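Scroll down for the structure; my scribbles are underneath it.
The values are calculated or read from the model by the stated rules, or taken from the named source; none is laboratory data. Here the structure is a predicted model, which is why all the values come from computation and not from measurement. Note: ideal-geometry Cβ built from the backbone for every residue, glycine included; neighbour counts use all protein chains shown. Only protein heavy atoms, including side chains, enter the accessible area calculation; ligands, DNA and RNA are left aside. Shrake-Rupley method; radii C 1.70, N 1.55, O 1.52, S 1.80 Å.
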Amino acid sequence: MMKKILLIEDDKFLRELMVKKLLTMEYDVVSAVDGESGLSMIKESKPDVVLLDLILPGINGFEVLERAKQDPETADIPVIILSNLGQKEDIERGQELGAVDFMIKAHFTPQEVANKLKTILE
Amino acid sequence: MEELLTKSEELRNVRVALLNVLEDTDDLRKEAVDERNKTMTIIENLNDGVILLNKNNQVEIINSPALEVLNIKREGVLGIPFANLLDKEELAEIKKAIIDEKDHKKIKDIYREEFSTSKDRHVEITSVLLRDELEEKGFLIVIHDVTKEKLVERMKTEFVSVAAHQLRTPLSAIKWTVRMILDGDVGSINEEQKELLEKTYISNERMIRLINDLLNVSRIEEGRLLYNQEEVQIEDVLEGVVNASQEILRNKNIKLKVEKKELPKVIIDKEKMGLVIQNLLENAVKYTHQGGKIKISLDNDEKNVIFKIEDSGVGIPKDQQDRIFTKFFRAENVTRMETDGTGLGLYTTKNIIQAHKGEIWFESEENKGTTFYFKIPISNK
């Protein structure tokens, strides 16, 4: 069965690029553009992995992560933070809240993100 | 009779003399009172809180800013033991740091230690023992309000963090697009297109690196450079950097020799120390010609671990050697070589080494090569 990835990213162009890449890798991709819709999609579509941006309109990525981890229905879904924040404090906070990894967008190519997804899904 | 007259004359003289002495004493007393008033006015009008304790550590002088920070009234405060003034929930942290736990009459020496007395109030406290050759005379406590500095510091951090984020977003878009085209994700391209895009990709990576360097610099200026210090073997950090640098070494066909020996542990921020070694190694590679040589060795004496990296590169011109660690400085010979660099690497490197209480220095001769050294103290654990 195709694995489902939820991408929560507010930048349209970045979202399109990543969706395109993940589609070529034969993933089932759904996406959300802000925190609220991202959170409800985690609940509704039960993805296998979430790629989560941090600076989002409305509730930010940290809050999305926190709430997803508090909800027993979604707590086990692995979340990778994919953001351009990346100071130590941010990374540590993400890990404390339960993210499996923290990737700085400017430091990784879409292929590398896809490789990371693959190892997490295995 | 004459004798009597003489005596009485003498007595009059004594009286005058005595009156003079009294007058002088009175003048001196007035002067002393004046001086005291002046001093009190100065102390009262300082921005910092000042508390003077007598040798029993009871309050002798306290000014308004100090009263305000400690949230106490002036009435009846003189003569109270200092420890009693700190018997408040919001001052518990200060009390713990400054008052001896076993003997509440004893006060500890502290220098500019930071405390918060409420959610948005931060102070720095210094306590100094006052003494002359004979005895201890009490303590001087200075309370400096740093609330505003803290606020500015936080705003600056937030600004840098947001600015980095905003700059990185379009750069990520460029990186991702170019990479996907290069990887053939959106169809095939010809060799010439590929070559141009490779160069675009490299330029973009340079920009991304520059932002990282600027973030590091802003951390240096905040004095928050080191984050997580742990006891480690520096060889492990070196090994990680060397492994990650194989490609740049291969590209320039440079031979790297690493000489290690068993070393005592050091307490370092691993990531930052990695950055130091990476900077030094990258510089050595960048400024050494094709087919050159680089040698790294690790050694130690009783107190320090010493790192040495020697290259057969272009060297640093004599007249520019004293500016080599300056922010944004790049030596003329290397800018002419059209090598890329931000002029931030060695500045950052030096600051990281200093934050570890270490030292960095170099020897260099133009067209022969450069050797950088740094040493950091061995862990005493």
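Every residue, every condition in (1) outside the structural domain of B:N56 (by TED's automatic domain parsing); (2) under 26 Å from B:I220 (Cβ atoms); (3) of a type in the set (F, W, Y), yes or no:
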position	(1), (2), (3)
B:V123	no, yes, no
B:E135	no, no, no
B:L140	no, no, no
B:M155	yes, yes, no
B:T169	yes, yes, no
B:I174	yes, no, no
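Here A:M25 meets the list (1) at pLDDT below 95; (2) within 26 Å of A:E66 (Cβ to Cβ); (3) among the aliphatic types (A, V, I, L, M) almost entirely, failing just condition (2). Filtering B:E44, B:E3, B:E60, B:E23 for residues that are charged (D, E, K, R), closer than 30 Å to B:H144 by Cβ and open to solvent by 80 Å² or more (accessible area, probe 1.4 Å) leaves a single hit, B:E60. All of B:S297, B:S364 fail the test of being open to solvent by less than 70 Å² (accessible area, probe 1.4 Å), touching a residue at least 40 places away in the same chain (Cβ under 8 Å) and assigned to a strand (DSSP E or B), apart from B:S364.
Pick from B:T169, B:T177: which is within 13 Å of another protein chain (Cβ to nearest Cβ) and modelled with pLDDT under 95? It would help to see each step written out before you state the result.
Values: B:T177 fails: modelled with pLDDT under 95.
Within the list B:T169, B:T177, the selection yields B:T169.
When the stretch A:38-68 is limited to residues that are touching a residue at least 12 places away in the same chain (Cβ under 8 Å) and among the polar types (S, T, N, Q), the one that is farthest from A:I81 (Cα to Cα) turns out to be A:S45. The single condition from (1) away from chain B (no Cβ under 14 Å); (2) under 19 Å from A:R67 (Cβ atoms) that A:K4 fails is (2).
Taking the conditions exactly as written (at pLDDT below 90, outside the structural domain of B:V217 (by TED's automatic domain parsing), over 19 Å from the mean Cα position of the chain (by Cα) and closer than 28 Å to A:K88 by Cβ), does B:K119 satisfy them or not? The answer is yes for B:K119. Answer yes or no as to whether A:K21 is open to solvent by 30 Å² or more (accessible area, probe 1.4 Å) and in contact with an Asp or Glu (Cβ under 9 Å, 6 or more places away or on another chain). It is false that A:K21 is open to solvent by 30 Å² or more (accessible area, probe 1.4 Å) and in contact with an Asp or Glu (Cβ under 9 Å, 6 or more places away or on another chain).
Looking across the stretch B:367-379, the residues that are assigned to a strand (DSSP E or B) and open to solvent by less than 40 Å² (accessible area, probe 1.4 Å) come down to B:G369, B:T370, B:T371, B:F372, B:Y373, B:F374, B:I376, B:I378.
Considering only the stretch A:61-77, I want to know if a residue exists there that is within 14 Å of chain B (Cβ to nearest Cβ) and either within 12 Å of A:L7 (Cα to Cα) or open to solvent by 50 Å² or more (accessible area, probe 1.4 Å) (or both). Reasoning before the result, please.
First pass over the stretch A:61-77, keeping only residues within 14 Å of chain B (Cβ to nearest Cβ): A:61-62.
Imposing the further condition that a residue be either within 12 Å of A:L7 (Cα to Cα) or open to solvent by 50 Å² or more (accessible area, probe 1.4 Å) (or both) reduces the set to A:61.
Yes.
Of B:V258, B:V285, B:V314, all but one fail to be in the same structural domain as B:T335 (by TED's automatic domain parsing) and either open to solvent by less than 10 Å² (accessible area, probe 1.4 Å) or at pLDDT below 90 (or both); the exception is B:V285. As a summary of the residue check, B:D322 satisfies the conditions (1) over 27 Å from B:E259 (Cα atoms); (2) open to solvent by 40 Å² or more (accessible area, probe 1.4 Å); (3) part of a loop (DSSP other than H, G, I, E, B) except for the one numbered (3). Which condition number does A:E16 fail, the rest of (1) open to solvent by less than 30 Å² (accessible area, probe 1.4 Å); (2) within 24 Å of B:V162 (Cα to Cα); (3) assigned to a helix (DSSP H, G or I) being met? Unmet for A:E16, out of (1) open to solvent by less than 30 Å² (accessible area, probe 1.4 Å); (2) within 24 Å of B:V162 (Cα to Cα); (3) assigned to a helix (DSSP H, G or I): (1). Checking each residue in the stretch B:260-313 for being hydrophobic (A, V, I, L, M, F, W, C) and out of contact with any helix residue (DSSP H, G or I) (no Cβ under 8 Å at 6 or more places or on another chain) picks out B:I267, B:A284, B:I306. Restricting the stretch B:103-131 to residues that are in a loop (DSSP other than H, G, I, E, B) and farther than 17 Å from B:N56 by Cβ leaves a set whose member that is most open to solvent (accessible area, probe 1.4 Å) is B:K119.
Against the numbered list (1) facing chain A (nearest Cβ under 8 Å); (2) modelled with pLDDT under 90, B:F159 comes up short only at (1).
Determine the pairs where a residue that is within 14 Å of B:F82 (Cα to Cα), located within the stretch B:124-139, has a partner that is surrounded by 13 or more Cβ atoms within 10 Å (Cβ to Cβ) and hydroxyl-bearing (S, T, Y) with Cβ atoms under 9 Å apart, the partner being 6 or more residues away or on another chain. Final answer for the pair search is B:F139/B:S127.
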